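Data first, discussion second: the structure below is written as structure tokens.
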Amino acid sequence: MANSVAIEPSGPSKGYLDRFLSIFARVEAGEGVSCLLLALNVFLLLAAYYIIRPVRQALILSEGGAEVQSYSAAGQALLLLLVVPAYGLFATRVNRIRLITWVTLFFISHLAIFYLLGAGGMRVGIAFFLWVGIFNVLVIAQFWAFANDIYTEEQGKRLFAIVGVGASLGAWVGAIIAARLFSVLGPYQLMMLSAAVLASCILISHVVHRRESAGGGSPRSRVAREPLGKEGGFRLVLANRYLLLIAMLIVLLNVVNTAGEFLLGKLVVLEAERTIGSVADQESLKRAFIGEFYGDFYSWVNLLGLLFQLFLVSRLFKYIGVRGALFILPCIALGGYSLLLALPLLGAVRFVKILENSTDYSIQNTARHALFLPTSREAKYKAKAAIDTFFWRAGDVLQAVVVFLGTQAALSISGFAGINLFFVVLWLLVVVLIYREHKKVTATAS
């Protein structure tokens, strides 16, 4: 009698999309569609933000200057003391898709209000700066909480690199659109363009939610329909060492980044005044100069960030892991601000900020979002919202204090760069602690 060989049934085969996306990261059968939709969703979110980011810079710098921009960060943090608990309270009463829908509609309505006020001749620079500071951190935190909720830790480590491509590409495209259209449409029409892009994000979120919660009575589909627990975001952060360390990381990262933005903004304003003049009737030309400079600046930042996201992130996660990737940005900042001690010029600051921001928006951004994969759903939505909003803006407040004291002491560009180096060293120490704690958290989760 011939020997029979048992043949194991093979799993579902990969489709064309799954195989194509596997060029950038390992994609299993059936994962490609939702992964691509999430990438498209965050592409549109970042495009909407970067369309109005030069608008924010042009309005605040032309109406108030770099110092007012830095001090306005304190107002953002104070507002977030109210926004974060309100967001958490709302999240306990609705499921995830209703949360995403209503929060996005809330911000769309405000863009329409700013359009009407600004087109009517009101000076809205400070108010719009405060609003954008809440909008950009909250909607992006909410998106990544959604992605963390959909994927397991193993999936997230593989697929976040692809989803992050959407973020990098969206930021690049949005910056190019702003640079090309700023002088054509003006700041207020760009607000309405951004609102239209945000509306499409709601539709995509609904499609992904339906795909990933399909399956009737499966545990994942039941969880998707449930509101979150009652724990508040701030309480979750303060009660958990791992989450608290991530919050400290965000504070220090943003102190360094925002202080660098201050240096860049200050030198850009000086260059605009030197080129155009500082008399009152030249304000529109000055605003256009600043808006076009930042549109070009962000397009370079986001192009480089896109290349990093496409070709480096998945490979870095594979070979040095999420924890190891956290060391890259502070090491770049350490070298960059050391350079500014010797060359405190606009060209040097622009170079340092392009390299720093592009790394932040790709490698660092994907790694810090992946830190939440082994945490609870409440931590993914509420604690993450608190960390990515209030603690992010707390870094802005600390930076504003540094700017105020440094301005009073008449510090030079090199002096501010030296202070930034001190915060970079603290940042590296926190990364070491997160490295150790992440090992414990992932071991417990598995």
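Quick rundown of the values:
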| item | result |
| --- | --- |
| Residue list for the range 163-188, restricted to those being open to solvent by 10 Å² or more (accessible area, probe 1.4 Å), within 15 Å of Asn365 (Cα to Cα) and β-branched (Val, Ile, Thr) | Val165 |
| For Gly295: the one exception among (1) in contact with a Phe, Trp or Tyr (Cβ under 8 Å, 6 or more places away or on another chain); (2) among the small types (Gly, Ala, Ser); (3) surrounded by fewer than 23 Cβ atoms within 10 Å (Cβ to Cβ) | (3) |
| Filter result for the condition that a residue is of a type in the set (Ser, Thr, Tyr), at pLDDT 90 or above and either part of a helix (DSSP H, G or I) or more than 22 Å from the chain's Cα centre (by Cα) (or both), over Ser183, Ser205 | Ser205 |
| Answer residue from the range 89-122, given it is touching a residue at least 40 places away in the same chain (Cβ under 8 Å) and among the β-branched types (Val, Ile, Thr) and is farthest from Leu44 (Cα to Cα) among those | Thr92 |
| Failed item, numbered, when Phe327 is tested on (1) open to solvent by 30 Å² or more (accessible area, probe 1.4 Å); (2) over 17 Å from Phe422 (Cα atoms); (3) modelled with pLDDT of 90 or more | (2) |
| Test result for Phe107, touching a Lys or Arg at 6+ places or on another chain (Cβ under 8 Å), open to solvent by less than 20 Å² (accessible area, probe 1.4 Å) and on the phi < 0 side of the Ramachandran plot | no |
| Filter pass, Ala348 being open to solvent by 10 Å² or more (accessible area, probe 1.4 Å), without any contact (Cβ under 8 Å) to a residue 24 or more places away in the chain, assigned to a helix (DSSP H, G or I) and more than 26 Å from Ala86 (Cβ to Cβ) | yes |
| Output for the range 402-436, where each listed residue is surrounded by fewer than 19 Cβ atoms within 10 Å (Cβ to Cβ) and either over 21 Å from Val349 (Cβ atoms) or of a type in the set (Asp, Glu) (or both) | Gln408, Leu426, Leu428, Leu429, Val432, Leu433, Tyr435, Arg436 |
| Unmet requirement for Gly321, which otherwise passes all of (1) at negative phi; (2) under 26 Å from the mean Cα position of the chain (by Cα) | (1) |
| First in the range 328-342 and in a helix (DSSP H, G or I), second anywhere and open to solvent by 50 Å² or more (accessible area, probe 1.4 Å) and small (Gly, Ala, Ser), Cβ under 9 Å, 6 or more apart | none |
| Gly229 under 27 Å from Phe390 (Cα atoms), at pLDDT below 90 and open to solvent by less than 60 Å² (accessible area, probe 1.4 Å) | yes |
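Quick grid of which residues meet (1) at pLDDT 90 or above; (2) outside any helix (DSSP H, G or I):
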site	(1), (2)
Gly75	no, no
Leu111	yes, no
Arg123	no, yes
Ile126	no, no
Ile140	yes, no
Gly164	no, no
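The values are calculated or read from the model by the stated rules, or taken from the named source; none is laboratory data. Please read all numbers here as calculations on a predicted model, not as lab measurements. We place every Cβ from the backbone using ideal geometry, glycine too, and count neighbours over all the protein chains shown. Remember, those area values only see protein heavy atoms, side chains included, never the ligands or the DNA or RNA. Shrake-Rupley method; radii C 1.70, N 1.55, O 1.52, S 1.80 Å.
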